[in-house]
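Worksheet: one structure, shown below.
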Amino acid sequence: MQTTEALIRNVVQEVLAQMNQGGVASGNGRATSARSFRGRHGIFQCVDQAVAAAREAFEQLSERTIEDRKRIIDHIRRISIDQCVELGTMEMNETKIGRLEHKIEKLKTLGERTPGVEFMRSEVFSGDHGLAVIEHAPFGVLGAITPVTHSLPTITGNAVSMIASGNTLVVNPHPSGRKVAAEGVRRFNEAIERDLGIDNLICVIEEPTLETANAIFSHRNIALICVTGGPAVARAALNSGKRAIVAGPGNPPVVVDETADLDRAAAAIIRGASYDNNLLCIAEKEVFVVDEVFDAMLHAMTRAGAVRLNAKEVDALTSQAITSVGEGKHKHDVPAKELLGQDAAVLAQAIGKRVSADTLLLFGETDETNPFVPVEQMMPFLPFVRCRDVDEAIEKAKHYEHGFRHTAIIHSNNVRNMTKMGRAMDTTLFVKNGPCMSSLGLGGEGYLSFSIATPTGEGVTTPLTFTRERRCSLIDDLRILGRP
Ligand code: NAD
């Protein structure tokens, strides 16, 4: 539902847009041409207007060089990096989940590392009958749905990748991260317009609702949607009838076998699971440890700085941190909003335990029936489950990953066990002997994106993810190899 204020703003914008269509001077004093949304800097109430503005921007972008695309992206990168403290703080204050230092770091990292125009390439087939060149063309205007866990970071990553391949985008952010989304988009567009004269390459719905999301899903001028979020939106996108790239939920399990370097494993698990208070979709969510090293592993966790809860404390936290929603066969457990993304010290306080404010992670022994095991908890508590051997640990990891095929992690020095788990899990990301984020090139090899397309299979998205193939064939000529 839109607020009254939003509805009034919507009507005013509608009237202004109609005036603009008649070629009237806009609010900023600049005469606008027919249909021009220039000067709006990507901020819209109405999906139709946002799509029209993004279409206009797409047509202008299509006239520009690859070098111009790079210059556009450089503005997005520069703002994400130079203004990461201000924008990260804004995101933290608005969403009230996660950790400030990581909100800041995420913006900086995405600005620095999201794949840009350098990822674009063409393929060539050269043979007796000449040449076929396959190029990767933009779709046009793309729709993006972004999560509260990384509101502006996801938009930053999507914008860089989508514009690198020549597209423009309309974003429906999560309502609880809408202000920072709009502010970031406004800053990006303003800088781009000032330098290159194109506005609205990234458009955002200022008061996003399920209705505006659905309007994007069904809009005839949106060529493709990229959805980053949990099970409900993933389902909605897959049922939308539109081509969808779905970066869906995960519940990444960790296996620790008897050959693992336990201190290294503990440090990696704490780093991954506590990052932004466990909000990452790739973050370690439950740990299966073989009996032979189970007690030693828990000691290693304590040595590395995590705080262990006893059985009574785990029960108390479980009853506060996990709740259920839905009725009948749709009833299921979910993380409680009050504790989702909160600091470990806040979780401890909720059960009357005092831990130092800089504690990164709580953990405890549970059995697999504890709801922390199946639920994507997104809070810095990790359940550790004792398993007979590595086969049982892998079997349970597979079961509790729920077939999302998202992320799985093993700590082991036995390549057979690594191979066995990799084959069994069949996940998009499979990490060995590192924290989850090393799979995105942060302490490991590879590249970064915050939209990891899991059910639809595109994997870690890049500019090429948002393209359509076009083939150009020249018959019998221009193969320059061989005799005349
Ligand atoms: P969420 O599913 O509550 O919301 C995500 C977005 O979808 C929001 O913009 C929300 O408004 C919208 N939405 C929700 N239900 C919808 C529906 N029925 N129709 C249309 N839009 C709808 O998720 P969240 O709490 O914002 O983010 C956390 C979730 O996102 C976790 O499940 C996490 O694993 C997942 N995630 C996945 C990736 C990935 O790359 N695979 C990245 C980040 C987050």
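The values are calculated or read from the model by the stated rules, or taken from the named source; none is laboratory data. These numbers come from a predicted model, not from an experiment. Cβ coordinates were reconstructed from backbone atoms using ideal geometry, including for glycine residues, and neighbour counts include every protein chain displayed. Ligands, DNA and RNA are stripped out before the accessible areas are found, and what is left, the full protein with its side chains, is counted by its heavy atoms. Shrake-Rupley method; radii C 1.70, N 1.55, O 1.52, S 1.80 Å.
Among the trypsin sites (Lys or Arg not before Pro) in segment 367-458, those located in a DSSP loop and surrounded by at most 12 other Cβ atoms within 10 Å of their own Cβ are Arg388.
Rolled with a 1.4 Å probe across the full set of protein chains, the surface gives Ser240 an accessible area near 40 Å². Relative to the longest principal axis of the Cα atoms of the chain, the long axis of helix 178-196 makes an angle of roughly 40 degrees.
So if I place +1 on the C-beta of Lys and Arg and -1 on the C-beta of Asp and Glu, and nothing else carries charge, what would the dipole magnitude of segment 104-191 be about its Cα centre? I want it in debye, nearest 20. Write out the running numbers ahead of the final one.
On the way: 8 positive and 8 negative charges, 115 e Å.
Once rounded to the nearest 20, the dipole reads 560 debye.
Helix 84-95 and the longest principal axis of the Cα set of the chain meet at an angle near 70°. Per-residue surface analysis assigns Cys436 an accessible area of about 0 Å², computed on protein heavy atoms at 1.4 Å probe radius. With the helix formula -39500 (n - 2.57) applied to DSSP H stretches of n ≥ 4, the chain reaches a computed 222 nm mean residue ellipticity of -12500 deg cm²/dmol. The figure for Thr109 is an accessible area of roughly 20 square angstrom, using a 1.4 Å probe on the protein chains alone.
Here the spin labels are modelled as points 7 Å beyond Cα on the Cα-Cβ line, and at Phe119 and Arg235 they lie 3.0 nm apart.
Restriction of the trypsin sites (Lys or Arg not before Pro) in segment 278-381 to DSSP coil positions whose beta-carbon has at most 16 other beta-carbons within 10 angstrom yields Lys331, Lys337, Lys353, Arg354. Think of the chain as a dipole: +1 on every Lys or Arg Cβ, -1 on every Asp or Glu Cβ, centred on the Cα centre; then among Val255, His75, Pro435, His75 lies furthest on the positive end. Heavy-atom accessible surface of the chain, averaged per residue, reaches 44 Å², computed with a 1.4 Å probe.
Dipole magnitude for the chain: computed about the Cα centre from +1 point charges on Lys and Arg Cβ and -1 point charges on Asp and Glu Cβ, it is near 900 debye. The trypsin sites (Lys or Arg not before Pro) found in segment 195-245 that occupy coil by DSSP, while having at most 16 further C-beta atoms within 10 Å, are Arg220, Arg243.
Given a 1.4 angstrom probe, I'd like the percentage of the accessible area of the chain that is carbon and sulfur, rounded to a whole number. Could you put the intermediate results ahead of the total?
Details: 10860 of 21090 Å².
Here it works out to 51 percent.
Of the listed residues Phe119, Phe372, the order by accessible area with a 1.4 Å probe, largest first, is Phe119, Phe372. If one takes the longest principal axis of the Cα atoms in the chain, at what angle in degrees, from 0 to 90 and to the nearest 10, does the Cα axis of helix 66-82 lie? On a 0 to 90 degree scale, this one is about 50.
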